[in-house]
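Below you'll find the structure, written out as structure tokens, and then a few comments.
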Amino acid sequence: MRHVLRLLSLLAVAATFAFTVSAARADDASDARAFVENAAAQVRAAAPQANQAGDQRERFVKILDRDFDVAAMSRLVLGRYWAKASEQARQDFTAAFRAYLAKSYAPRFFVYAGRPMTVTSARAGSDGITSVRTEVQEASNRSVGVDWHVARTANGMRIVDVVVEGVSMGLTQRDDFANYLHNNGDDVGKLTTLLRDRSK
């Protein structure tokens with residue numbers, strides 16, 4: 001009888017834990033979806049002015065700082081080299097990567113940002129990342145699938161990766177950066193300098 005009571009107690013604890021985890025994931029999915037919808041609405045409203053004024057880069061930096069976790073993205077794209085880098089090297093790389101993102105993606109970002117976008121689903125994963133699925137309507141009326149990977153941080157919900165039609169921006173850049181580092185003595189400083197040069 002004692003064993004039965006103990007088993008029932010363990011099952012009750014397990015059920016409570018499972019319910020708590022499930023509820024937390026549901027909250028993450030709901031919050032991430034609302035975050036993406038709100039961020040998209042703000043950017044879509046600003047897109048016409050950005051394209052007309054020609055200050056996409058300056059506006060995109062503000063969006064990066066507000067809606068993206070650039071530090072987490074830097075860790076992702078640097079991969080195994082992040083652990084080997086000094087704290088100063090990490091800070092320098094993160095700053096250079098932020099500037100590189102702004103130079104590389106700002107013009108295209110505001111072109112896409114002005115197009116109609118619909119959130120179709122939000123799925124919270126066991127790794128703390130919620131994938132918010134959206135469909136973006138191109139000028140040709142073709143629908144493009146974009147997944148926004150969102151994490152809950154100390155500063156609220158933030159985007160940590162963007163996947164366009166199954167291709168991860170973060171993982172693609174990680175492969176490119178790893179290839180460069182492999183051919184340049186695993187020197188993160190050289191990669192940082194390269195990104196600075198390409199951000200001018």
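The values are calculated or read from the model by the stated rules, or taken from the named source; none is laboratory data. Quantities reported herein were computed from a predicted structural model and do not represent experimental measurements. With ideal geometry, Cβ positions are generated from the backbone for all residues, glycine too; neighbour counts draw on all protein chains shown. Side chains included, ligands, DNA and RNA excluded: accessible areas come from the protein's heavy atoms. Shrake-Rupley method; radii C 1.70, N 1.55, O 1.52, S 1.80 Å.
Summary of computed values
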{"item": "Contact order normalised by residue count of the chain, Cα under 8 Å, 6+ apart, percent", "result": "24 percent"}
{"item": "Förster radius 41 Å - calculated FRET efficiency between residue 118 and residue 86, Cβ distance, rounded to 0.05", "result": "0.40"}
{"item": "Residue 139 paired with residue 108, simple spin-label distance in nm, labels 7 Å along Cα-to-beta-carbon", "result": "1.5 nm"}
{"item": "The chain: angle of helix 188-198 to the longest principal axis, Cα-based, in degrees nearest 10", "result": "50 degrees"}
{"item": "Between 0 and 90°, nearest 10: helix 2-53 axis offset from the chain longest Cα axis", "result": "20 degrees"}
{"item": "Helix axis angle, 56-67 relative to the chain longest principal axis, alpha carbon, degrees", "result": "20 degrees"}
{"item": "Mean ellipticity per residue at 222 nm, deg cm²/dmol - from DSSP H runs of n ≥ 4 across the chain, formula -39500 (n - 2.57)", "result": "-22000 deg cm²/dmol"}
{"item": "Estimated FRET transfer efficiency (residue 95, residue 146; beta-carbon r; R0 30 Å; 0.05)", "result": "0.70"}
{"item": "Protein accessible area in the stretch 97-200, 1.4 Å probe - carbon and sulfur %", "result": "50 percent"}
{"item": "Spatially proximal lysines relative to residue 200 (Cα-Cα < 22 Å; intrachain offsets below 8 disregarded)", "result": "62, 103, 190"}
{"item": "Cβ-defined net charge surrounding residue 47, 11 Å radius [Lys, Arg +1; Asp, Glu -1]", "result": "+3"}
{"item": "Karplus-derived HN-Hα couplings along the stretch 123-136 (A = 6.51, B = -1.76, C = 1.60, θ = phi - 60°), whole Hz, x at Gly and Pro", "result": "10, 7, x, 6, 8, x, 9, 9, 9, 9, 8, 10, 10, 9"}
{"item": "Förster radius 25 Å - calculated FRET efficiency between residue 196 and residue 62, Cβ distance, rounded to 0.05", "result": "0.80"}
{"item": "Rounded accessible area per residue of the chain, 1.4 Å, Å²", "result": "58 Å²"}
